[in-house]
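The values are calculated or read from the model by the stated rules, or taken from the named source; none is laboratory data. In this text the structure is predicted, and so the values were computed from the model without any measurement. Positions of Cβ are backbone-derived with ideal geometry, glycine not excepted, and every protein chain shown enters the neighbour counts. Each accessible area value is taken on the protein alone, full model and side chains, heavy atoms only, with ligands, DNA and RNA left out. Shrake-Rupley method; radii C 1.70, N 1.55, O 1.52, S 1.80 Å.
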Amino acid sequence: METEKRTQISAQQIDNRDLSEQIKEVTKDSHVRAENTELMLSFQRGQVTLPQYKLLLCSLYEIYQALEEELDRNSSHPAVAPIYFPTELARLKSIENDLEYFYGPDWREKIVVPAATLRYCHRLRQIGKENPEFLVAHAYTRYLGDLSGGQVLGRIAQKSMGLKSSEGLSFFAFPGVSSPNLFKQLYRSRMNSVELTAEERNGVLEEAVRAFEFNIQVFDGLQKMLSVTGNEHQESWKNSEAVHSKTLPGTISPMIRMVLGLFVALATVMGLYAL
């Protein structure tokens with residue numbers, strides 16, 4: 001695999017650095033690509049929409065369920081124990097609260113995710129059983145990324161979606177972390193203390209690159225789902241308009257108005273795409 005070869009070469013060039021610095025170095029290109037996906041750009045522009053955010057939450061639920069179950073199961077593993085902070089970092093309960101807010105009490109029946117999300121979750125469960133040390137890469141990539149941008153992205157999401165309160169945005173809040181910067185320093189220090197063989201370290205670095213690739217694929221899959229949904233609503237609106245024009249010319253029914261509003265929102269998402 002070309003990506004893995006490049007990762008190994010990069011690892012050899014920076015093998016005297018701490019693990020956190022090595023991960024930062026080998027994922028530099030992937031990080032830039034992730035930041036320039038449509039969803040991340042939409043967050044940066046303050047243009048994230050409710051349909052976009054709700055679908056993202058569905059994928060985050062599946063991903064964090066897999067990640068946190070594997071972290072819990074391997075919490076005593078020598079590579080996982082130093083970076084195991086369930087009280088401070090666990091996201092699953094927060095995501096569940098957000099999904100219930102947007103979808104209602106039967107939210108579990110309404111979750112829809114792209115195939116890329118399922119592949120991501122399968123990988124997390126696979127390494128949890130076979131290579132628990134690789135969980136370090138996924139935990140670092142997800143948790144510190146969320147912690148770094150949580151408060152800012154939460155405010156942007158609240159404003160762009162027109163939410164009157166922070167309800168539905170629990171994912172971005174880390175009540176167990178009083179100082180994100182100090183906590184990130186502690187987390188990196190703990191991660192850098194993990195003892196790994198040269199082969200294991202290379203494996204973790206390759207897994208960090210893979211983690212970014214999985215996330216990019218998930219965002220791409222979400223965008224395709226939104227595009228399909230948008231096209232379906234557009235066709236539905238056209239058909240409804242044709243029927244309506246034959247029966248009640250000169251007026252627009254509440255149903256058509258609702259479909260039109262949703263289509264406009266989804267059209268805003270097309271060509272925007274995500275993290």
| Restricting attention to the stretch 148-170, which residues are in a helix (DSSP H, G or I), more than 13 Å from V48 (Cβ to Cβ) and touching an Asp or Glu at 6+ places or on another chain (Cβ under 9 Å)? | S170
| said: Can you tell me which of (1) under 27 Å from V48 (Cβ atoms); (2) buried (at least 19 other Cβ atoms within 10 Å of the Cβ) is the one L135 doesn't meet? | reply: (1)
| message | Going residue by residue through the stretch 108-126, is there one that turns out to be touching a Pro at 6+ places or on another chain (Cβ under 9 Å), of a type outside the set (A, V, I, L, M, F, W, C), in contact (Cβ under 8 Å) with a residue 12 or more places away in the chain and open to solvent by 40 Å² or more (accessible area, probe 1.4 Å)? | response | no
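Step by step: first the residues of the stretch 50-85, then only those that are assigned to a helix (DSSP H, G or I) and open to solvent by 40 Å² or more (accessible area, probe 1.4 Å), then the one that is nearest to Q158 (Cα to Cα). Which residue is that?
Taking the stretch 50-85 as the starting set, the residues that turn out to be assigned to a helix (DSSP H, G or I) are 50-73, 81-83.
Now restrict to residues that are open to solvent by 40 Å² or more (accessible area, probe 1.4 Å): 50, 54, 62, 65, 69, 72-73, 81.
Details: L50: 10, K54: 13, E62: 23, Q65: 24, E69: 29, D72: 31, R73: 34, A81: 35 Å.
Result: L50.
Please specify each residue of the stretch 91-107 satisfying the condition of being open to solvent by 40 Å² or more (accessible area, probe 1.4 Å) and in a loop (DSSP other than H, G, I, E, B).
Step one: filter the stretch 91-107 for residues open to solvent by 40 Å² or more (accessible area, probe 1.4 Å), giving 93, 97, 100-101, 103, 105-106.
Matches in the stretch 91-107: P105, D106.
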| field | One residue from L205, L182, L186 being at pLDDT 95 or above, of a type in the set (A, V, I, L, M), in a helix (DSSP H, G or I) and exposed (fewer than 12 other Cβ atoms within 10 Å of the Cβ) | value | L182
